[in-house]
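In what follows, a structure is listed as structure tokens, so that the remarks can point back to it.
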Amino acid sequence: MKVICGNKHAVGRADRLLYGHFLEHFHRQIYGGVFDPASPFADEDGFRTDVLEALRRIRTPVIRWPGGCYVSAYDWKCGVGKNRTPTYDKAWRVEESHRFGTDEFIKLCRKIGCEPYICTNAGTGTAEDMSDWVEYCNLRDMGRWARLRIDNGSPEPHRVRYWSIGNENWGGHEIGAKEAEEWGRLVREAAKMMVRVDPTIELSAAAIPDLDWNLRLLRDAGPYLDWISIHGYWGNTANGLVPDDYKTVILRTGEDISGSIDRVRAMLTALGLQDRIRIAYDEWNLRGWWHPNLMETWDRTRLRREDEAFYRDKVIGERDKNDINSVYSMADAVFSACFLNTCLRNCDIVGMACFSPVVNTRGAIFTHEKGLVLRPQYYVFELYANLLKDTVLSLWQEDVPTIGGRIGNDEKTVNLVDAVVTWGDGAYAVSAVNKDPDGARDLELCFLTDAPREMRLHTLNGPSPEAYNDVDRSPVGVSASGWEPFAGSVTLPPHSVSVIELR
Ligand code: AHR
């Protein structure tokens, strides 16, 4: 494949928030993940220092919290103060201790050096609850909630800049689901109160790439919004935990990813909002989380007979199967790189993306009592967040190899090589994915200006498309060359993700 570009023609600046992450009160993401006071790795505040270091190593820019479905029945006031009374979490059907709440989340973000992004409860919550949370976090000392934060040991405001109204309230699966008409009104009323507390916050609202839902939301509340949130999970978990095979995964790296961005871009443009509202893809992962028997309507009749054993084994116990590290292979790394490349190609309108989640469940970092497993997708963030430059260049592609196949009844064709060229500090950095499961592919790079003479190649790979890391093995990782002459093209190994530095 041949790529032609020049540093005089850019798509836009890639916001660093594209390399963001998400953590929810689900399974072992918080308790046993980032927060584990009993762990030998715990610091004085109960955070796992090895996890903190792994999150700093990938220059985490933002973490979205506390949910996800969890937030749609979450009363944030239970999670602050000296006495935390456990409550029953109706979203995930477990007891929530509330040992980790707003102040602990802020402390976590400070230790990592990232921005906090709070998703509020628009399920059972009211506009007042949401704006009280902004008072607690961002008012200096006026009113009961700022004073409570001070009493709880934080004299200075938390200065939370990013806020989302609701999580997937469009879906029947969500507690407090809403119809389009009521959603636009609730978002407007909540936004009105939240910005009156702190006009400097940036506001998002839960959305989907659906015309009716978004048009109503944007008509009713568009003037208050800076972001519109959409989510994406692509792998097929309906068939249990058998992961999609590698070829099926790469067939999902085309329009399956870009389509949702294109549709929301079209809606924002139709309403003339494309220069004021950006897309926050604030939950994305190749694989949806595994949590069967969650009392969805189709479970209801079957679960009437639920007993202790069924609850223990088939509702809660099943969630441990998210921890099977062999599920997360080079397919996850290749897909994640293609997702981020798609966001970079659309960086004029996609400003944030949060990998869902970053620790445990389907995450990039797996914790166990003796340490961490860095899953293949972790290294994509290490390469992209540390090596890619800020400006994404427009590019022209020739001789693009493709692969075809079917997913169910859908015939798909996707490019086998996916490249994005970035520019900054007088140098280029190219992200290049070779999706081909078998063959190496040459990438020819033609620069119209400032043609580079030297290159340094960083390649994430494993011995096969199914390669994975686990507690006792780590065949997947990054190899890097030294600086060497750049002769105009690079050979990309099969099933690999590379970043090529050029100067
Ligand atoms: O499977 C996890 C859930 O996926 C998140 O809680 C929710 O936001 C999304 O539907």
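Give all pairs with beta carbons closer than 7 Å in which a residue from the stretch 59-84 that is under 24 Å from Ala207 (Cα atoms) and in the same structural domain as Ala280 (by TED's automatic domain parsing) meets a residue that is assigned to a loop (DSSP other than H, G, I, E, B) and of a type in the set (Lys, Arg); count only pairs at least 6 apart in sequence or on separate chains. From residues that are under 24 Å from Ala207 (Cα atoms) and in the same structural domain as Ala280 (by TED's automatic domain parsing), the pairs are Ala73/Lys90. For the stretch 77-95, a tally of residues being surrounded by 23 or more Cβ atoms within 10 Å (Cβ to Cβ) and not in a loop (DSSP other than H, G, I, E, B) returns 0. Considering the stretch 181-191 alone, what residues qualify as being touching a Phe, Trp or Tyr at 6+ places or on another chain (Cβ under 7 Å) and not hydrophobic (A, V, I, L, M, F, W, C)? Answer for the stretch 181-191, where residues must be touching a Phe, Trp or Tyr at 6+ places or on another chain (Cβ under 7 Å) and not hydrophobic (A, V, I, L, M, F, W, C): just Arg188.
Inside the stretch 35-74, residues that are touching a strand residue (DSSP E or B) at 6+ places or on another chain (Cβ under 9 Å) and within 16 Å of the ligand (Cβ to nearest atom) make up a count of 10.
The residue that is nearest to Leu502 (Cα to Cα), among those in the stretch 431-484 that are of a type outside the set (Asp, Glu) and free of Cβ contacts under 8 Å to residues at least 24 places away in the same chain, is Ala451. For first residues located in the stretch 260-289 and more than 20 Å from Asn341 (Cα to Cα), partners that are small (Gly, Ala, Ser) and more than 16 Å from the ligand (Cβ to nearest atom) and lie 6+ apart or on another chain with Cβ distances below 6 Å form the pairs Leu273/Gly222. Can you find a residue in the stretch 214-235 that is modelled with pLDDT under 90, closer than 25 Å to Phe22 by Cα and either touching a Cys at 6+ places or on another chain (Cβ under 6 Å) or surrounded by fewer than 21 Cβ atoms within 10 Å (Cβ to Cβ) (or both)? Scanning the stretch 214-235 turns up at least one residue that is modelled with pLDDT under 90, closer than 25 Å to Phe22 by Cα and either touching a Cys at 6+ places or on another chain (Cβ under 6 Å) or surrounded by fewer than 21 Cβ atoms within 10 Å (Cβ to Cβ) (or both). Taking the stretch 22-34 as the range and being crowded, with 24+ Cβ neighbours inside 10 Å and within 14 Å of the ligand (Cβ to nearest atom) as the test, the residues that pass are Phe22, Leu23, Glu24, His25, Phe26, Gln29, Ile30.
Remark: pairs (first residue in the stretch 160-182, assigned by TED's automatic domain parsing to the domain that holds Asp220 and of a type in the set (D, E, K, R); second residue in a strand (DSSP E or B) and within 10 Å of the ligand (Cβ to nearest atom); Cβ separation under 8 Å; 6+ apart in sequence or on different chains) = Glu168/Ala206; Glu168/His231.
For the stretch 237-279, filtered to residues that are of a type in the set (Ser, Thr, Tyr) and buried (at least 16 other Cβ atoms within 10 Å of the Cβ), the residue that is modelled with the lowest pLDDT is Thr237.
The values are calculated or read from the model by the stated rules, or taken from the named source; none is laboratory data. Computed from a predicted structure; not experimentally measured. Every residue, glycine as well, gets a Cβ built from its backbone with ideal geometry; the counts of neighbours run over all protein chains shown.
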